[in-house]
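The values are calculated or read from the model by the stated rules, or taken from the named source; none is laboratory data. The structure displayed is predicted, hence computed values, not measured ones. Methodologically, a virtual Cβ is constructed for each residue, glycine included, from the backbone with ideal geometry; neighbour enumeration extends over all protein chains shown.
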Amino acid sequence: MSEVKNNVITVDYKLFKDTENGEMIESTEGNQPLVFLSGVGQMIPEFEQNVVNLSKGDDFSFGIKAANAYGLSTEEAIIELPQDMFKEEGKLVEQVVEGNILPLEDQNGHVHPAKVVSINEETVTMDVNHPLADQDLHFTGSIVEVREATKEELEHGHVHGAGGVEH
């Protein structure tokens, strides 16, 4: 594989479950397009591979199998945590309900969505598998813009300015 050039790529897209005819999961339609810096691992690798060599105005439509998207769910990602982590003033916070998605922060300060699986007397069982684990995906869309990344963007590893992380 050739070395990926560091470009700022702007895309409008729709994401569907399984195929282009599946249930729509999300869309940039009516919202800001997705802006990312290629070559730094910000995106699902197979997504980036499918759009990195396209030009402004090009359309795309491709599927990604679950294993190459958000992965397959694992038993190791189902964890039991002490109820005390979810209490305020001695009571479980009202958001701790089976089926709810809650943000959990790991030891490195990264926040991950976690689903409440069950609650017992002392613990809360959480599933930290990605919500789209085990899900085949299909993306359709178009390239809005492609430009070379600035030196600062490359140094910081993310997009600056309009549509970027920092303004």
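What the table shows:
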{"quantity": "Residue satisfying all of: in segment 151-165; among the hydrophobic types (A, V, I, L, M, F, W, C) and surrounded by 15 or more Cβ atoms within 10 Å (Cβ to Cβ); modelled with the highest pLDDT among these", "calculated": "V159"}
{"quantity": "Positions within segment 58-92 being free of Cβ contacts under 8 Å to residues at least 24 places away in the same chain and not in a helix (DSSP H, G or I), in sequence order", "calculated": "K87, E88, E89, G90, K91"}
{"quantity": "Checking V124 against (1) surrounded by fewer than 17 Cβ atoms within 10 Å (Cβ to Cβ); (2) in contact with a strand residue (DSSP E or B) (Cβ under 9 Å, 6 or more places away or on another chain), the condition it does not meet", "calculated": "(1)"}
{"quantity": "Odd one out for S55 among (1) within 16 Å of V146 (Cβ to Cβ); (2) of a type in the set (G, A, S); (3) part of a helix (DSSP H, G or I)", "calculated": "(3)"}
{"quantity": "Conditions (1) modelled with pLDDT of 90 or more; (2) farther than 20 Å from I143 by Cα: number failed by Q49", "calculated": "(2)"}
